[in-house]
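The structure under discussion appears below in the form of structure tokens.
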Amino acid sequence: MSDDRQWPGHIHPLLAARFSPYKFDPSGRVDDRTLGLLLEAARWAPSAGNSQPWGFLAARPGEPDHERVLRHLAPSSARWAADAGLLVVAVTRRTVDDSEVMYSEFADYDLGQAVAHLTIQAQALGLSAHQFRAFNLEALTEELRPNPGWAIVSMIAVGKAADEPPVVRQRRSVAELRADPWAARA
Ligand SMILES: Cc1cc2nc3c(=O)[nH]c(=O)nc-3n(C[C@H](O)[C@H](O)[C@H](O)COP(=O)(O)O)c2cc1C
């Protein structure tokens, strides 16, 4: 594990500058064009067999869905996510309708890629994204009632960051990424 006390070097500035804010500027609105671009970026993610198993519910402050989503956040995420200009519920298609037949073996994996696209598009637009799982999954599922086969996985708060990245950001080293999964090799 290494402490990265400065911006990671040499990777693309959009990746290097990304962090998950714990404070959003409540005046930072997300307009229709921006929302469209975020979802467009998600749409162009790669997926297994081009199955595109992702789906989203997008809600901005003042919209009825925003209140419906907000009431199921855990206190830990409500503290900062409520001020974000946009909340996105990320949903994946795990099974074919209500059968037990898998829609795609890679449904959650592919949703993650679509969310990564959205996150970097947000960064390119001068916004920040904070993905989170701190919400009541059962209650939110009951509230939003996704179609059979679809499952809520995570949420993303998007908006104008009102804090700075932490001074120390812990990441496993590249050497660890390469070595940890494998038995020591001569
Ligand atoms: C699937 C997922 C779930 C997460 N859940 C939470 C959460 O519930 N609360 C939270 O504060 N952050 C959550 N995060 C954010 C991570 O804690 C954060 O990405 C990680 O600490 C690295 O920090 P960084 O994004 O600023 O580089 C989540 C991130 C992902 C991808």
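Of all residues in segment 116-136, those satisfying the criterion of being out of contact with any strand residue (DSSP E or B) (no Cβ under 6 Å at 6 or more places or on another chain) and within 14 Å of the ligand (Cβ to nearest atom) are 116, 117, 118, 120, 123, 134, 136. Listed by first and then second residue, the pairs with beta-carbon distance under 6 Å, at least 6 apart or on different chains, first residue in segment 143-155 and farther than 13 Å from residue 131 by Cβ, second polar (S, T, N, Q) and within 16 Å of the ligand (Cβ to nearest atom), are 151/92. Taken across segment 109-131, residues that are touching a residue at least 24 places away in the same chain (Cβ under 8 Å), surrounded by fewer than 21 Cβ atoms within 10 Å (Cβ to Cβ) and over 20 Å from residue 15 (Cβ atoms) do not occur at all. Scanning segment 24-52 for residues that are assigned to a loop (DSSP other than H, G, I, E, B) and either surrounded by fewer than 17 Cβ atoms within 10 Å (Cβ to Cβ) or away from the ligand (no atom under 16 Å from the Cβ) (or both) yields 25, 26, 27, 28, 29, 30, 31, 44, 46, 47, 51, 52. Listed by first and then second residue, the pairs with beta-carbon distance under 9 Å, at least 6 apart or on different chains, first residue in segment 156-174 and within 12 Å of residue 23 (Cα to Cα) and without any contact (Cβ under 8 Å) to a residue 40 or more places away in the chain, second within 9 Å of the ligand (Cβ to nearest atom) and part of a loop (DSSP other than H, G, I, E, B), are 164/19; 164/21.
Residues that are within 12 Å of the ligand (Cβ to nearest atom) and either within 21 Å of residue 44 (Cα to Cα) or modelled with pLDDT of 95 or more (or both): does segment 138-149 have at least one? So far as segment 138-149 goes, no, none of its residues is within 12 Å of the ligand (Cβ to nearest atom) and either within 21 Å of residue 44 (Cα to Cα) or modelled with pLDDT of 95 or more (or both). Of the residues making up segment 93-133, those that are in a helix (DSSP H, G or I) and of a type in the set (D, E, K, R) are 108, 110. With respect to (1) away from the ligand (no atom under 16 Å from the Cβ); (2) touching a residue at least 24 places away in the same chain (Cβ under 8 Å), the lone exception for residue 18 is condition (1).
The values are calculated or read from the model by the stated rules, or taken from the named source; none is laboratory data. Everything numeric in this text was worked out from a predicted model, so none of it was measured. All Cβ positions, glycine included, derive from the backbone under ideal geometry; neighbour counts span all protein chains shown.
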